[in-house]
Amino acid sequence: MKTIAKTPLERSTTASARRFLASFVAFLAGLPMNHNAAADTTLPTSTITASQLALGVSLLKKGPVEPNRAVSPYSIHAGLMLARVGAVGDTGRELDKVLGTPALSPAVVESYKTLNQQVLHKGDKTSVALANSIWITTKGEFKKEFAKVVTESLSGSAHNIDFSDPERARTEINSWVSQQTASKIPSLLPPKVITPESVAALVNALHFKGSWHTPFSVDGTMPDTFTVGPGNTKQVQMMQHLLQIRYYEDDTWQAAELPYSGGAYSFLLLVPKAKLLPAQVVDGLSEGLLRKAFENTGIARVSLRLPRFSLRQSQDLARSLRALGLAEIFSPTGDFSGITTLPLKISAVQHESFVVVDENGTEGAAATAVVFAEGAAPPFGQEDIKELVANHPFAFAIVHNGMRAPLFLGVVGDPQ
């Protein structure tokens, strides 16, 4: 078996490195750590959620040109973070740049752990489930540090699997994803993504289900016209409601937050004032716009019309990630020796998102697989009512309100 250089934790001999190793081992064991620098002990979770949002917007813009597009920034970021835990040297630094987080340290892992704990929720009307898993060929072994961080700090499970039978391995991983997403994503990995040369897979699965705080009345839903593009209209089932909710407006956009039961999560609706094509809606999205819609909302009475919609998108993110600057991770020279002694390179980053919105609420599921190959407000008068009609292509996000964690981000250009 080819000999791979040891990880920095194994080969460092300086005093600072030894102190870092001691603190890292203490962290893994759940013991208190003694850090001299504040930067070593604290990393705001907002740093991670802002990075998730930035990555989600970038990937949405670089994704396939389709009327309906959706990604889960949270799932994609979490899947790449699994790879980052085992990446070394230039490979790790390259991932840090795209992930938008500082160099890997106990503080980064602890912050991610805290974020996961805040986002996860189990309730009768609103629930969020998140799980990570690592799968490695029976011919190799996990590095102990890697397996321990993933299983103990990142809600993960570790599995050995025989990749010499690709279809069986693919079925086993897809079955795990299906179970974690309430069967909403039954076939994350398409045929031929897993090959006899595959040696590992890092998988993240996310499932969201939320009932509206104030459900739409089914009796109020009626056929209406949706403009897909110039000269292209369709009849859709349009839900309608009069709500007192958080609202934002500027010269080009209207936005409103529809809370889910319990108040921890919201559906952020962003409707351009002009009837744009779906691609133009995507082009108009930015981190700045989303932050304004999140943070600058006031309470307003909103007459809302929103179509029922369901969308599913599956894609290999490799090309888009390369466009963002990730090259080393897809190269035979990529260093993932923090995962295993086997030589690794990423061969695919498969992502699938599913979102359905109706009168009762929203259900969403997402999964990301990184596959490795060897080598309350005052009342308002009627004149104060804002009218928000999503009868042409619009954008949406599903967020955790307290952490501003973007679970889903998408554009609907054709509700049918």
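The values are calculated or read from the model by the stated rules, or taken from the named source; none is laboratory data. What you see is a predicted model, and the numbers here were worked out from it, not measured in a lab. Counting neighbours? That spans all protein chains shown, and the Cβs are built from the backbone with ideal geometry, glycine included. When the accessible area is computed, the model is the full protein with side chains, heavy atoms only, and any ligands, DNA or RNA have been set aside. Shrake-Rupley method; radii C 1.70, N 1.55, O 1.52, S 1.80 Å.
Yes or no, residue by residue, for (1) more than 20 Å from the chain's Cα centre (by Cα); (2) open to solvent by 10 Å² or more (accessible area, probe 1.4 Å); (3) within 18 Å of E387 (Cβ to Cβ):
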{"position": "Q254", "(1), (2), (3)": "yes, yes, yes"}
{"position": "S261", "(1), (2), (3)": "yes, yes, no"}
{"position": "L289", "(1), (2), (3)": "no, yes, no"}
{"position": "R305", "(1), (2), (3)": "yes, yes, yes"}
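Can you tell me which residues in segment 204-243 are small (G, A, S) and part of a strand (DSSP E or B)?
Residues of segment 204-243 small (G, A, S): 205, 210-211, 217, 220, 229, 231.
Hits for segment 204-243 are A205, G210, S211, G229.
Look through A147, A107 and report the one residue that is more than 27 Å from N401 (Cα to Cα), surrounded by 19 or more Cβ atoms within 10 Å (Cβ to Cβ) and small (G, A, S).
On the way: A107 fails: more than 27 Å from N401 (Cα to Cα).
A147 is the lone residue from the list that is more than 27 Å from N401 (Cα to Cα), surrounded by 19 or more Cβ atoms within 10 Å (Cβ to Cβ) and small (G, A, S).
Open to solvent by less than 10 Å² (accessible area, probe 1.4 Å) and of a type outside the set (S, T, Y): does that describe G325? Full working, then the answer.
On the way: open to solvent by less than 10 Å² (accessible area, probe 1.4 Å): no; of a type outside the set (S, T, Y): yes.
For G325, the condition - open to solvent by less than 10 Å² (accessible area, probe 1.4 Å) and of a type outside the set (S, T, Y) - is not met.
Looking only at residues in segment 151-174 that are part of a loop (DSSP other than H, G, I, E, B) and closer than 27 Å to G364 by Cβ, which one is most open to solvent (accessible area, probe 1.4 Å)? Lay out the reasoning, then the answer.
Going through segment 151-174, the residues part of a loop (DSSP other than H, G, I, E, B) turn out to be 154-155, 162-165.
Adding the requirement that they be closer than 27 Å to G364 by Cβ leaves 154-155.
Values: L154: 6, S155: 51 Å².
Per the stated criteria, the residue is S155.
So is V177 β-branched (V, I, T), in a helix (DSSP H, G or I) and open to solvent by less than 70 Å² (accessible area, probe 1.4 Å) or not? Don't jump to the end; show me each part of the working.
Values: β-branched (V, I, T): yes; in a helix (DSSP H, G or I): yes; open to solvent by less than 70 Å² (accessible area, probe 1.4 Å): yes.
Yes; evaluated as a whole, the condition is true for this residue.
Out of E383, E363, report the one residue that is open to solvent by 10 Å² or more (accessible area, probe 1.4 Å) and either within 27 Å of the chain's Cα centre (by Cα) or at pLDDT 95 or above (or both). If you could, list the steps in order and put the result at the bottom.
Working: E383 fails: either within 27 Å of the chain's Cα centre (by Cα) or at pLDDT 95 or above (or both).
Within the list E383, E363, the selection yields E363.
Considering only segment 281-296, I want to know if a residue exists there that is at pLDDT below 95, part of a strand (DSSP E or B) and touching a helix residue (DSSP H, G or I) at 6+ places or on another chain (Cβ under 9 Å).
Within segment 281-296 (the criterion being at pLDDT below 95, part of a strand (DSSP E or B) and touching a helix residue (DSSP H, G or I) at 6+ places or on another chain (Cβ under 9 Å)), the answer is no, since none of the residues qualifies.
Residue check: is L269 open to solvent by less than 10 Å² (accessible area, probe 1.4 Å) and either among the polar types (S, T, N, Q) or in contact with a helix residue (DSSP H, G or I) (Cβ under 8 Å, 6 or more places away or on another chain) (or both)?
Working: open to solvent by less than 10 Å² (accessible area, probe 1.4 Å): yes; either among the polar types (S, T, N, Q) or in contact with a helix residue (DSSP H, G or I) (Cβ under 8 Å, 6 or more places away or on another chain) (or both): no.
Here the answer is no, as L269 does not meet what is asked.
Being under 21 Å from L188 (Cα atoms) and open to solvent by less than 20 Å² (accessible area, probe 1.4 Å) is the filter here, so list the residues in segment 53-74 that pass it.
Of everything in segment 53-74, those that are under 21 Å from L188 (Cα atoms) and open to solvent by less than 20 Å² (accessible area, probe 1.4 Å) turn out to be L55, G56, L59, L60, G63, R69, A70, V71, S72, P73, Y74.
If the Cβ limit is 9 Å and pairs must be 6+ apart or interchain, which residue in segment 263-280 that is over 13 Å from G410 (Cα atoms) pairs with which residue that is in a strand (DSSP E or B) and open to solvent by 50 Å² or more (accessible area, probe 1.4 Å)?
From residues that are over 13 Å from G410 (Cα atoms), the pairs are A264/H121; Y265/H121; S266/R246; K273/E249.
Of the residues in segment 81-135, how many are in a loop (DSSP other than H, G, I, E, B), on the phi < 0 side of the Ramachandran plot and under 18 Å from the mean Cα position of the chain (by Cα)? First the steps, then the outcome.
Going through segment 81-135, the residues in a loop (DSSP other than H, G, I, E, B) turn out to be 86-89, 100-105, 120, 122-125.
If we keep only those that are on the phi < 0 side of the Ramachandran plot too, we end up with 86-88, 101-105, 120, 122-125.
From what is left, the residues that are under 18 Å from the mean Cα position of the chain (by Cα) are 101, 120.
Number satisfying all stated conditions: 2.
With the requirement that a residue be at pLDDT 95 or above and of a type in the set (S, T, Y), what does segment 164-182 give you?
Listed by number, the residues that qualify are T171, S175, S178, T181.
Which condition number does K148 fail, the rest of (1) out of contact with any strand residue (DSSP E or B) (no Cβ under 6 Å at 6 or more places or on another chain); (2) within 25 Å of I173 (Cβ to Cβ); (3) assigned to a loop (DSSP other than H, G, I, E, B) being met?
All conditions are met except number (3).
Filter segment 229-252 for residues that are open to solvent by less than 40 Å² (accessible area, probe 1.4 Å) and hydroxyl-bearing (S, T, Y) and give the result.
Matches in segment 229-252: Y247, Y248.
Quick one: is S310 of a type in the set (S, T, Y), in a strand (DSSP E or B) and buried (at least 21 other Cβ atoms within 10 Å of the Cβ)?
Numbers: of a type in the set (S, T, Y): yes; in a strand (DSSP E or B): yes; buried (at least 21 other Cβ atoms within 10 Å of the Cβ): no.
Here the answer is no, as S310 does not meet what is asked.
Can you tell me which of V389, V349, V357 is open to solvent by less than 10 Å² (accessible area, probe 1.4 Å), at pLDDT 90 or above, farther than 24 Å from W176 by Cβ and among the hydrophobic types (A, V, I, L, M, F, W, C)? Spell out how you get there, then give the answer.
Values: V389 fails: open to solvent by less than 10 Å² (accessible area, probe 1.4 Å); V349 fails: farther than 24 Å from W176 by Cβ.
Just a single option satisfies the conditions, and that option is V357.
Among (1) more than 19 Å from I194 (Cβ to Cβ); (2) open to solvent by less than 20 Å² (accessible area, probe 1.4 Å), which single condition is S133 missing?
It is condition (1) that S133 fails.
Would you mind listing the strands (runs of 3 or more DSSP E) fully within segment 324-416 where at least 1 residues are out of contact with any helix residue (DSSP H, G or I) (no Cβ under 7 Å at 6 or more places or on another chain) and of a type in the set (D, E, K, R)? Steps first, please.
Numbers: elements: 345-357, 361-373, 386-389, 394-400, 405-412.
The qualifying strands (runs of 3 or more DSSP E) are 345-357, 361-373, 386-389.
Give me a count of the residues in segment 208-228 that are surrounded by fewer than 24 Cβ atoms within 10 Å (Cβ to Cβ) and either touching a Ser or Thr at 6+ places or on another chain (Cβ under 6 Å) or of a type in the set (S, T, Y) (or both).
The total comes to 8.
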